[in-house]
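In what follows, a single structure is set out as structure tokens and then discussed.
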Number of protein chains: 2
Amino acid sequence: MDPSSNYASDPYTWEGLSGWKSYRTLRPFRGMYWDVRRRLPWYWSDIRDGFNYRTMAGTVRIFFINLLPALAFQLDMTRGTDGYFGINEALFSSALAALVFSTLSCQPLTVVGITGLISLFNYTVYAITEQCGIVQLYPEFICWVSIWAAITHWMAAIFNWCDYMRYITDFSSNAFGMYVGIIYMVKGFQEVTALYGESNPAAGFMALCYFFSIVMLEWIGSTVWFTPNIRKFISDYAYPIATIWWTGFSHIPGHIYNSGLLRVPHSRAFYPTIDRSWLVPFWTLPVKWVFVALPVGILLTLLFYYDHNVSSLTAQAKQFPLKKPAGFHWDFFLLGCTCFIGGIVGIPLPNGLVPQAPVHTDSLTEYKDSLVTSKEKDDDPEGGEWVQHNRKVVSATLVREQRISHFLMALAFVGFMTGPLLDVLHTIPRALFAGVFWAVGFSGLTAMNITQNLLYCLTEKRFVDPSDKRTTLKKSRILFYVFWQMMGVAFSLGVSFTRAAIGFPVIIISLIPLRWILLPRLFTEEELLILDAPTADADTVLASMGGRPTLPEVRMAEEKRRLDGGDGELGDGTGSGSSSGLGDLRSRAGFKDDEEKELERDEVREEARQAVQPTLRTGHA
Amino acid sequence: MDPSSNYASDPYTWEGLSGWKSYRTLRPFRGMYWDVRRRLPWYWSDIRDGFNYRTMAGTVRIFFINLLPALAFQLDMTRGTDGYFGINEALFSSALAALVFSTLSCQPLTVVGITGLISLFNYTVYAITEQCGIVQLYPEFICWVSIWAAITHWMAAIFNWCDYMRYITDFSSNAFGMYVGIIYMVKGFQEVTALYGESNPAAGFMALCYFFSIVMLEWIGSTVWFTPNIRKFISDYAYPIATIWWTGFSHIPGHIYNSGLLRVPHSRAFYPTIDRSWLVPFWTLPVKWVFVALPVGILLTLLFYYDHNVSSLTAQAKQFPLKKPAGFHWDFFLLGCTCFIGGIVGIPLPNGLVPQAPVHTDSLTEYKDSLVTSKEKDDDPEGGEWVQHNRKVVSATLVREQRISHFLMALAFVGFMTGPLLDVLHTIPRALFAGVFWAVGFSGLTAMNITQNLLYCLTEKRFVDPSDKRTTLKKSRILFYVFWQMMGVAFSLGVSFTRAAIGFPVIIISLIPLRWILLPRLFTEEELLILDAPTADADTVLASMGGRPTLPEVRMAEEKRRLDGGDGELGDGTGSGSSSGLGDLRSRAGFKDDEEKELERDEVREEARQAVQPTLRTGHA
């Protein structure tokens, strides 16, 4: 098979099929088969393309922003599960996941590890078992939850259910990103507060210093100082530089050192934290509880279905110029396997890392700083002179799509499981983890369309660029759109801090039908075309999910127009609920013969996207 | 006298005089007389112009950034003088100075109060008296130092010696600003370390939070969010908002509160901190020590001569569109009076506040946010389309020049000397003072030409605006210029941290002859025209110092050309040590008949200044 094939006409599609052949569930393994067939020809290049500076930089960056939050979540889980999950379990889980996914997955850019959500899930289940009085059965119970989750994962993969991820637009993925960003920020504060509680008073100072160091170092990448290579180097290695610096600082004898900072705890290498063998005796769980574990396992699958696949989508999102094809079904099957293994050895289950996965792709992207010349004059009607200014713009030229960075990260995790490197981890003050949470959460928050739209609405009108498509919308409509996203975020957050936390995947997932069914009735086609867009819209990505879906608002608008009669004529804004100023945009996205129409609409989408996310790159870098 | 007179032809000048009339010292009171005569006609407008929103905002801002560092320096002095100078002395001194200068001075924009340098001076003198074994005579000794200083102040004012301040260019004033900024940053760290030492471990956290709150709030003023009035309001009240917020935060029961933050100490209102009467019995000091106090007093006069007058210069610097005339001689006489009073009642001597004085003027300046339209395309030779962008530029339209803000500040200080408001001060955690030092020092550091030139040299060449005059200079020459400034900063800093600290005014002042005699021999006329400029160059300011001086590099270059022969012809770069690319600039600043030449040179200076300090405004605001 030719690696350069055209993914827009991929054979994996459900369009134009009828009868039993059109039912996904009746044709098992079809998605997985095509995922492998599509990606396998690229395997050798996935290795070969890994030998360059960018991959090296990406490896270091992703290792640090995977390791540090993983350790922090593990501290959280240790507190919440009375020590059942310790540092050795966290490292084992991260290493296992990275080894499996770097070598066997179709989407090696999606880094897999321990997230905040699995930590939340694990200690909520622990609290529930405590309430049910079976806390001594927690290891076996959570093991069965994992087994059921593995089984339902496999079902979802086999029956091609990952196809539905193509309906994910920025509406839900950015709401989820916002939710995770806020959870990270809150975790940072909880960590500092917990450290204060353990009479560790310099923690807040260290965490803030660390946070601002990272923000500063990454910000240097966006300046015009030094040379492109030097400033990228500094920004690439922001996490290692800051971690080593502040760890060193914390060991200088003085007030900070004397304040007795708590450091990462450690135990004997390669053994479970509590005294047990690695294999959980899951066969000892009473049958009654095995079946109680089933719905909990399904909830976990729902969580991973959304969380893992959104990781893959954002890691392959539209701002990255990707060439290699995706494979959602195969990867979700693999995730079932790691759930199974993770379950029976009693480690926290890994899945796609939501704020980190796009950072991985970002750090593998070759960006070019180009010079843009502008001529400027003040807006005085008499007009000043045009003065020339030079400015930097950043554009992504190429992504180093390969498996090596992910694989090296796996090896690094294996390395840190050994005694000597565990001791190295022990030197890191725990306060730095709060800083990691703030840094990762903060960069996520600023990049989300909720933030961008709110800032847009705050901006004084006259300074908005005329090329910004949102200028054709009323601010109240934009805020109304943001309102729906914020509702999703607020509900998810509300649930997360209660015992009902394990139910929150249902809320997150319900954002997809909300967007698909309710929103087209509340907003016009034009509004949604400007405010929303599929999270990943490259054919290489969509091929794995059965191709590009037709947006409901577009379909509805067309039906409306057909009903209104006329073919080349536009209904004069009737029934669309839209205000003035949209006619131009609609006519551009409107009635043409089919292909031309699709092309034009793509253009509008593209423009709208660029207008809405001008600072996405800055947010990440 | 007409307030709108032309200050370029002010009668106070020494040009064209000969014989005894040309000697400043032989014509006492001439400068003071003209200062008063020039300013008096504006007195009523100084009051009338104070009733507007901007004055209100300026009052609050200057009160906070005067009060908080003053309290912090007082803590420092208390430690360094074994409790002789306490909070009541600091408030008394600030109130006295503000009352005198707001009502009687010629330059009410120059706020007067307690600086870090007088704190340094006072505790260094304390250490010296300790070494001499007369520490019990410290009050009388420092009183005599103040009396001698008062006498030498009066002499300097009477004999018109303040005229020499017209030779101050950015070379020395920015080096001094840098020095003070660094001292402030260091003080911040010392304060945090001292608080850690007094087992006050949340101090660092609080100080950082406070610092970043202020940076953030002031930064909002530079965005395009909200409306111009709202964003200016937020930025105007950054200090009060942050101070009230974090003081409140520190009282919330919790880990921070329990950590036992130290707060501002206080004692009985209106009484000296130690048990003594307000009048120091200076007549009891043995005559021997009276004469030892003389050279120390002269050093203090040197310090104030530079520090106070540079405050006035920067408060009336070229970026502010001022209309009312200056009066250096009269104000320096007044300063002698406050030295005398301050000396005999035993309070720290006030003088012009260096980083705060320009902030005062800045907060009284009406800035206009205007829209600038730019067209932009990437620098691809094939060329993209021109895309239109809208951007904000800030320009100063008007300064509210008046006495009311200064006077209200004085009243506020008097108010805080009373019991109830002293108790309010007592609620402020001392940790915030470290944050004040960082915020004030940091905004000073970023605005200095040393920082600007270093950043210029760090910038990748292609992104530098072609209109920046520095592009015509070699980077090595710019760095060589920065080197001389840094030498001044480094020597001053070096001395400040030793027992020789009281000698540092000599170093600072020696930068003026260095600039005036050595630099024109090391740099070409063009280099200095681009890199340096008089700190205040308005005729309203220069009138008080005998008018605009001829820059030595310009005079030397002209003499050189005259020697080289020819009148309209330029020597082809010979003997000027300059490299290529300067011919154009020199020809513009070069040989024309006298008036035209002066005009053109002004233009070059203006352009060079705008090029070198593009972000000065941002730095302050």
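Would you list the helices (runs of 4 or more DSSP H) that sit entirely within segment B:216-258 and hold 2 or more residues that are closer than 25 Å to B:Ala72 by Cβ and within 14 Å of chain A (Cβ to nearest Cβ)?
B:238-250, B:255-258
Conditions (1) within 19 Å of A:Lys187 (Cα to Cα); (2) over 26 Å from the mean Cα position of the chain (by Cα); (3) aromatic (Phe, Trp, Tyr), marked per residue:
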| residue | (1), (2), (3) |
| --- | --- |
| A:Gly16 | no, yes, no |
| A:Trp34 | no, no, yes |
| A:Arg38 | no, no, no |
| A:Ile47 | no, no, no |
| A:Met56 | no, no, no |
| A:Leu67 | yes, no, no |
| A:Ala72 | yes, no, no |
| A:Gly86 | yes, no, no |
| A:Ile118 | yes, no, no |
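Conditions (1) at pLDDT 95 or above; (2) under 18 Å from A:Ser311 (Cα atoms); (3) hydrophobic (A, V, I, L, M, F, W, C); (4) surrounded by fewer than 24 Cβ atoms within 10 Å (Cβ to Cβ), marked per residue:
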| residue | (1), (2), (3), (4) |
| --- | --- |
| A:Leu408 | yes, no, yes, yes |
| A:Thr418 | no, no, no, yes |
| A:Asp423 | no, no, no, yes |
| A:Phe433 | no, no, yes, no |
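Return the residues of segment A:525-563 that are among the hydroxyl-bearing types (Ser, Thr, Tyr) and out of contact with any strand residue (DSSP E or B) (no Cβ under 7 Å at 6 or more places or on another chain); say none if nothing qualifies.
Answer for segment A:525-563, where residues must be among the hydroxyl-bearing types (Ser, Thr, Tyr) and out of contact with any strand residue (DSSP E or B) (no Cβ under 7 Å at 6 or more places or on another chain): A:Thr540, A:Ser544, A:Thr550.
With the requirement that a residue be within 14 Å of chain A (Cβ to nearest Cβ) and touching a Gly at 6+ places or on another chain (Cβ under 6 Å), what does segment B:421-463 give you?
B:Ala434, B:Trp438, B:Thr446
Which members of segment A:393-420 meet the condition of being more than 22 Å from A:Gly58 (Cβ to Cβ) and within 14 Å of chain B (Cβ to nearest Cβ)?
Hit for segment A:393-420 is A:Val393, nothing else.
Condition check ((1) among the basic types (Lys, Arg); (2) farther than 26 Å from B:Ala194 by Cβ; (3) surrounded by 15 or more Cβ atoms within 10 Å (Cβ to Cβ)) across all residues:
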position	(1), (2), (3)
B:Gly254	no, no, no
B:Val264	no, no, yes
B:Phe291	no, yes, no
B:Leu294	no, yes, yes
B:Leu299	no, yes, yes
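Taking the stated definitions as given, is A:Arg470 within 14 Å of chain B (Cβ to nearest Cβ) and under 30 Å from B:Thr373 (Cα atoms)?
Yes.
Search segment A:432-472 for residues being outside any loop (DSSP other than H, G, I, E, B) and free of Cβ contacts under 8 Å to residues at least 12 places away in the same chain, and hand back the single one that is nearest to the chain's Cα centre (by Cα).
The qualifying residue nearest to the chain's Cα centre (by Cα) is A:Leu455.
Is one or more of the residues making up segment A:336-344 farther than 20 Å from A:Tyr123 by Cα and aromatic (Phe, Trp, Tyr)?
No, segment A:336-344 contains no residue that is farther than 20 Å from A:Tyr123 by Cα and aromatic (Phe, Trp, Tyr).
With B:Ile87, B:Ile47 as the choices, which residue is closer than 20 Å to B:Arg276 by Cβ and either among the charged types (D, E, K, R) or in contact with a helix residue (DSSP H, G or I) (Cβ under 9 Å, 6 or more places away or on another chain) (or both)?
Just a single option satisfies the conditions, and that option is B:Ile87.
What are the residues in segment A:290-339 that are touching a Leu at 6+ places or on another chain (Cβ under 7 Å) and outside any helix (DSSP H, G or I), if any?
Residues satisfying the conditions are A:Gln316, A:Gln319, A:Pro321.
For segment B:160-192, name all the residues that are under 18 Å from the mean Cα position of the chain (by Cα) and either polar (S, T, N, Q) or farther than 30 Å from B:Ser443 by Cα (or both).
B:Thr169, B:Ser172, B:Ser173, B:Asn174
Regarding segment B:123-131, can at least one residue be identified that is surrounded by 24 or more Cβ atoms within 10 Å (Cβ to Cβ), touching a residue at least 60 places away in the same chain (Cβ under 8 Å) and under 16 Å from B:Gly343 (Cβ atoms)?
No - not one qualifying residue is present in segment B:123-131.
Take the residues in segment B:371-401 that are of a type in the set (Gly, Ala, Ser) and at pLDDT 85 or above; name whichever of them is nearest to B:Asn309 (Cα to Cα).
My answer is B:Ala396.
Quick check: is even one residue across segment A:375-394 of a type in the set (A, V, I, L, M) and within 31 Å of the chain's Cα centre (by Cα)?
yes
Report yes if B:Val287 is of a type in the set (Val, Ile, Thr) and within 14 Å of chain A (Cβ to nearest Cβ), otherwise no.
No: the conditions fail for B:Val287.
Considering each of A:Tyr164, A:Tyr184 in turn, give the residue that is under 24 Å from A:Phe491 (Cβ atoms) and buried (at least 24 other Cβ atoms within 10 Å of the Cβ).
None of the other options fit; the residue is A:Tyr184.
Can you pull out the residues in segment A:148-180 that are among the aliphatic types (A, V, I, L, M) and assigned to a helix (DSSP H, G or I)?
Listed by number, the residues that qualify are A:Ala149, A:Ala150, A:Ile151, A:Met155, A:Ala156, A:Ala157, A:Ile158, A:Met165, A:Ala175, A:Met178, A:Val180.
Is it true that A:Ile404 is surrounded by fewer than 24 Cβ atoms within 10 Å (Cβ to Cβ), of a type in the set (Val, Ile, Thr), touching a Gly at 6+ places or on another chain (Cβ under 7 Å) and in contact (Cβ under 8 Å) with a residue 40 or more places away in the chain?
Yes; evaluated as a whole, the condition is true for this residue.
Out of everything in segment B:472-506 that is buried (at least 20 other Cβ atoms within 10 Å of the Cβ) and within 17 Å of B:Tyr167 (Cβ to Cβ), what residue ends up being modelled with the highest pLDDT?
In this case the residue turns out to be B:Gln485.
Against the conditions (1) in contact with a helix residue (DSSP H, G or I) (Cβ under 6 Å, 6 or more places away or on another chain); (2) closer than 17 Å to A:Val440 by Cα; (3) crowded, with 22+ Cβ neighbours inside 10 Å; (4) more than 10 Å from chain B (Cβ to nearest Cβ), where does A:Ala157 fall short? Just the number, please.
Just one mismatch for A:Ala157, condition (2).
Given the options B:Thr59, B:Thr103, B:Thr55, B:Thr25, name the one that is part of a helix (DSSP H, G or I), surrounded by fewer than 14 Cβ atoms within 10 Å (Cβ to Cβ) and touching a residue at least 12 places away in the same chain (Cβ under 8 Å).
Only one candidate qualifies: B:Thr25.
Being assigned to a loop (DSSP other than H, G, I, E, B), touching a helix residue (DSSP H, G or I) at 6+ places or on another chain (Cβ under 9 Å) and either of a type outside the set (Lys, Arg) or buried (at least 24 other Cβ atoms within 10 Å of the Cβ) (or both): is that true of A:Pro348 here?
Against the criterion (assigned to a loop (DSSP other than H, G, I, E, B), touching a helix residue (DSSP H, G or I) at 6+ places or on another chain (Cβ under 9 Å) and either of a type outside the set (Lys, Arg) or buried (at least 24 other Cβ atoms within 10 Å of the Cβ) (or both)), A:Pro348 qualifies.
Within segment A:210-237, take every residue that is touching a helix residue (DSSP H, G or I) at 6+ places or on another chain (Cβ under 6 Å), of a type outside the set (Phe, Trp, Tyr) and under 15 Å from A:Phe437 (Cβ atoms) and give me the one that is surrounded by the most Cβ atoms within 10 Å (Cβ to Cβ).
A:Ile214
Pull up segment B:360-373, narrow it to residues that are out of contact with any Lys or Arg (no Cβ under 7 Å at 6 or more places or on another chain) and away from chain A (no Cβ under 14 Å), then point me to the one that is surrounded by the fewest Cβ atoms within 10 Å (Cβ to Cβ).
B:Tyr367
The values are calculated or read from the model by the stated rules, or taken from the named source; none is laboratory data. Source: prediction; values computed, not measured. No Cβ is skipped: glycine too gets one built from the backbone with ideal geometry, and neighbour counts run over all protein chains shown.
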